[in-house]
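These notes concern the structure reproduced below.
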Amino acid sequence: MENVIAGLLRDFEDGKMTRRQLVQSLAMAAMAAPAAAAAAQAPATSSAASTPAPWKTVWLDHISYQVSDYKASVEFYKNLMGWEVQNDTGTRQATLKIGDVGGIIIRNSRQPAADSQPTPSGRPPVTGVIDHISFGIEPWDTDKVKAELERRGLHPRPDMVGENFKSFHVKDPDGWDLQISNKTKA
């Protein structure tokens, strides 16, 4: 993680990225760190996939979220999380800005049939699932956050770890687990 941060700072100082891009990159790196740590602990294999690529990831462009009703999901995240709609096709997908952190594309899903075969390009049908993403919010007042989530009929489930980490899990319109927390920095 230190190497990633050092590289991002070097690119910023060399004028290769704006301050906004630096902040977005740092936020995304902090969000990705737990997944990278888990992947690093996975058992090694002898396939080509286990050898390092000749490049390093330096930017997370966006999160792609496939849903059953993109308009309902856009309204949910816009109103609850304060995300700004940047582009909306009106029929299939919208791109939202997540504060100074990055962006997300919310689109109607490609739901494969029960007997789906790989596409002509050889790609398997979409079957991946993201367990959840946690977004930190400010200002944080545990009682007020819980009350607002309840006011919206979201049935918040508390997930409090230690003295300093406070959060609630709720379900979005597609039943996806959204965690909202007081953590706003790495």
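Coordinate-derived values only; no laboratory data. Everything numeric in this text was worked out from a predicted model, so none of it was measured. Here the Cβ positions follow ideal geometry from the backbone for every residue, glycine too, while neighbour counts run over all protein chains shown.
Hey, rough spin-label estimate for residue 132 and residue 72, points 7 angstrom out along Cα→Cβ, what's it come to in nanometres?
Inter-label distance under the simple model: 2.0 nm.
R0 = 30 Å: FRET efficiency of residue 161 with residue 91, Cβ-based, nearest 0.05?
Computed FRET efficiency for residue 161 and residue 91: 0.15.
Taking the simple approach of a point 7 Å from Cα along Cα-to-Cβ for both residue 141 and residue 79, what is their distance in nm?
Going by the 7 Å Cα→Cβ label model, 2.2 nm.
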